[in-house]
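Every read-out reported here was derived from the displayed coordinates using simple, explicitly stated rules and does not represent laboratory data. For clarity, every value in this text was computed on a predicted model and none was experimentally measured. Every residue, glycine among them, receives a Cβ derived from its backbone with ideal geometry; neighbour counts consider all protein chains shown.
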Amino acid sequence: MENAIQVGEVDEQQIVTKPKRVRKRSPKTVAAQCIIILLTVVLLVLQFIPIYITLIKSFKDLNQDFLNPYDLTFPFEWSNYAFAWDMVKSLFLNTFILAFANVFGTLALSSLGAFAFVRFRFPFKETIFTAILAIMMIPGTLTMVAQFMLVDTLSLLHTRWAVILPTIAGNSSFNIFLLRTFFGGVPGEVLEASEIDGASKFRQFWNFMLPLSLPIIFTAGLMLFMQSWNDLIWPMLVLKEEQYTIATGLLPFTTEYYRMTGSYSVPMAGYVLTSIPLLVIFFFTSKQFISGLTSGAFKM
Amino acid sequence: MFSSVDKQTRVKKRTKKEKYDYTAFIWLAPALIMMLIFCYYPPLYAAVLSFTDSTGGDTFNFILFDNYIEIFSDRIFWLGMRNVAVFLVWGLISGNIAPLLLAELLFNMKVTKMSNAFRFLFIIPTLIPGVINMILWQFIILGPEPTSIMNSLIGLFGAEPLAWYYDYSFTPWITWFSLMFTGFPYLGGTSFLIYLAGLQAIPESVIEAAKLDGCTGFGRVFRIDLPFLLGQIKYFMIMGVIGGLQGFGTQMLFTGHGPEYAATVPGFYMYNAAFGGYDRARYGYASAVGMIIFIITLSLTIINMKLINKKEDA
């Protein structure tokens, strides 16, 4: 370990003066690195077991699943996917509607709010901020009954608004906190310079603050999207069955199919299909997502 | 709690006396209005409800502390408290140690490209919808059939297949083990990235100095890394307590109360009182359970903040 840091981070001057030492790694360092990589790979394999099972099983027909549940079997049963798609496509649409409303609604409300905390002076600023943070301490289970009666009173029950509005409101608290921390780290000079040039507060926000904060916006957006994708108890309580999302609709489908056939292969194909959107979004935003998560905004 | 932000604003206040800009409230209004309706009103209403016998109709009677007295004398509630204590402690330990370990591994990996590739790969499983993971654990990994992975594994050693989550051996241990083992190796989530960010924020000079003093390897982890990660640890402790005390997705979807109430948690107890059956819409009673969960959450959060702050000062 001692040499590891030295070897890895030698500056250029040292390379010039002592080229031989840089290339040479002590056996102790190499061994330590090997152990680190080995441990990481073991963890990675364990972490990927569920994905492996899902993929393997999704291509089996009833017989293959019965005889050979955990191995690769041929030929692949592609029709599982066609059947699964028929079952999950309505879940997809329902989930997308809720997820988009959640992402855009929450980000709009919280970024405006967070900007106010960073770029304005107003009375009771810290009091209001603490009050907003306090929401995070209130468990959803405490408010579930009252919330249910509220959406009932507002005649939102069995509509999508019953999920969308409380979700956006509840998420705003954490996201205002998160965005305020990140906005606070954006150098103020840029915004002040544009203010001198006569840019309105909204233009400062739209043209400078948001573009400079893209990493955290992407991170927050993807996290909100995942939340909608995973939200279970509340949607199950207030939505009609034909509005069920992936989280709420996959289980009934799974148990029903297993009861009829004794196999999980078609539901597994459904799981693969429902996992694809998040993966695709992640592949396109992974750089921003990781840099947002590692920006240091997540701590207290 | 947020000392850096506080300090900045305080310095500003002293140096120049600006005027208040009331247009800030226009920016805040959309969020605040939504929060007033959907975040502040429900808990207040829940507090009122908890002292009533409301069943959802327009009329209800105030019955003072009757709900609370009934809850505290219900054996099932106490079993739920016992279970949630076990799950919470385990969740906080496993949910923090595993990501910390992974963060240390990735931080100490000298080949940056490899470290970045691993970072990317470890995120992929966290993108799989959570309900799929729950179904996999429930039916495939710890499934009750002899063909489930765990039963096949213990079958290799000649053991009889177990029902895991539904084990009826009249001790809660196997049900507890199943619920606690679920999610192994406990890396589901992006917390390892947040710990990694904390490690990367440790100033180079500190690590160099530690190295000169002969503080390396595990010594460094405990003496340098962990103290520097207190902010992150605190964040996850608080979030973990809040989430752990109220979650009951597994109970609702799969285990229910479990054998001998081994899987019951207060959140599920509350849900059952309110929405559990056609004749059980005991909204007042359920709200009282919610209030108890809230008070416990709040006390634990305050203790958490005080404890970790003290360590920070020392």
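Quick rundown of the values:
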item	result
Over chain A: Rg over Rh, Cα atoms, Kirkwood Rh	1.08
Separation in nanometres of the label points that stand 7 Å from Cα toward Cβ, at A:Leu279 and A:Asn63	2.8 nm
Simple spin-label estimate for B:Ile303 and A:Leu93 in nanometres, 7 Å along Cα-Cβ	5.1 nm
Cβ-based net charge around B:Ala263, under 14 Å, with every Lys or Arg adding one and every Asp or Glu removing one	-1
Among A:Val45, A:Pro69, A:Met87 the positive-end extreme of the charge dipole of chain A (Cβ point charges)	A:Val45
Label-reachable residues, the stretch B:110-137, where backbone N falls under 18 Å from a point 7 Å from B:Phe184's Cα toward its Cβ	B:133-137
A:Leu38/B:Val86 FRET efficiency (R0 41 Å; Cβ-Cβ; nearest 0.05)	0.80
Förster radius 25 Å - calculated FRET efficiency between B:Cys215 and A:Leu133 (Cβ-Cβ, nearest 0.05)	0.10
Given B:Lys113/B:Lys211; A:Lys287/B:Lys211; A:Lys28/B:Lys113; A:Lys125/B:Lys306, the pairs whose alpha carbons are separated by over 26 Å	A:Lys287/B:Lys211
Difference of contour (0.36 nm per residue) and Cα-Cα distance, A:Glu192 to A:Ser79	34.7 nm
Chain A, helix-only ellipticity at 222 nm - DSSP H runs n ≥ 4, -39,500 (n - 2.57), divided by all residues, nearest 500	-25000 deg cm²/dmol
Estimated FRET transfer efficiency when R0 is 51 angstrom, pair B:Phe177-A:Lys125 (beta carbons, to 0.05)	0.55
Among A:Asn102, A:Leu142, A:Phe205 the positive-end extreme of the charge dipole of chain A (Cβ point charges)	A:Phe205
